[in-house]
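Report on the following structure.
The values are calculated or read from the model by the stated rules, or taken from the named source; none is laboratory data. What you are looking at is a predicted structure, and each value in this text was computed from that prediction instead of being measured. Please note: Cβ atoms are built from the backbone with ideal geometry, for glycine as well, and neighbour counts cover all protein chains shown. These area figures cover heavy atoms from the full protein model, side chains too; ligands, DNA and RNA do not enter into them. Shrake-Rupley method; radii C 1.70, N 1.55, O 1.52, S 1.80 Å.
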Amino acid sequence: AGEEAKYDMASDNICGENAYPVPVGGKTVCVDAYEYPNQPDATPKDMVSQEEAARICKNEGKHLCTIEEWQAACRGKDGFKFSYGNGYKQSKCNTNTKAAKRSGRKTQCRSWYGMYDMNGNLWEWTASTSKQHPDKFLVAGGAWNTNNESSCSVSKFSFYPQNQYPSVGFRCCK
């Protein structure tokens, strides 16, 4: 009695380190817990094109998340509007500042499945094209300055895949 229990969170996690399973359309997808490079307290990569983001994920044996995968991870099992609930709370995520913060710094900015910074910090490229603009790719989640627009909803923003922005990063899925 009185022994301290030590748990290895990755040992029973089918997704490996810093990724968690999310049910999407009848299958399980492993979604990175943090914006790329998927490390806690790392500076998330911005100024990356959608094409480069897709290539980086592929090189790691993963893929750039689709909008469906991304939204499922963000909304959690209850289908929330924000990763933490249905009402916007400025203090929870990095949505009202002048720059991106290191990954996971806002500990309450976490979805039910365990993903950090899905609302705010950096917009995230997806592998999904816009229905209105098939030559552009959707970004999701909002950035450090988008306030209550930093939601899990489908973004109205889409950008050309070769463009790079200081407010856009990405996360990988598998």
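Quick notes on this structure:
- Cross-link partners of K174 among lysines (Cα-Cα below 18 Å; sequence separation of 8 or more within a chain): K27, K58, K62
- Tensor-based shape of the stretch 110-174 (alpha-carbon gyration tensor, a/c under 1.5 rounded, otherwise prolate or oblate): prolate
- Extended-chain gain in nm, criterion 0.36 nm per residue less alpha-carbon gap, T129 and K81: 15.1 nm
- Only helices enter the 222 nm calculation for the chain: every DSSP H run of n ≥ 4 contributes -39,500 (n - 2.57), and dividing by all residues gives -3000 deg cm²/dmol, rounded to 500.
- Solvent-accessible area, 1.4 Å probe, carbon plus sulfur percent, for the chain: 48 percent
- Dipole of the stretch 100-151, positive end: most advanced residue of Q108, M118, F137 [Cβ charges, Cα centre]: Q108
- Two-site FRET efficiency, T107 against E52, from Cβ-Cβ distance with R₀ of 41 Å, rounded to 0.05: 0.90
- C-alpha long axis of helix 50-59 to longest principal axis of the chain, angle in °: 40 degrees
- Burial ranking of peptide ranges 78-84, 34-40 (average Cβ count within 10 Å, highest at the top): 34-40, 78-84
- Accessible surface calculations at 1.4 Å, restricted to protein heavy atoms, place the chain at 52 Å² per residue.
- Antiparallel DSSP beta bridges within the chain, as percent of all bridges there, nearest 5: 85 percent
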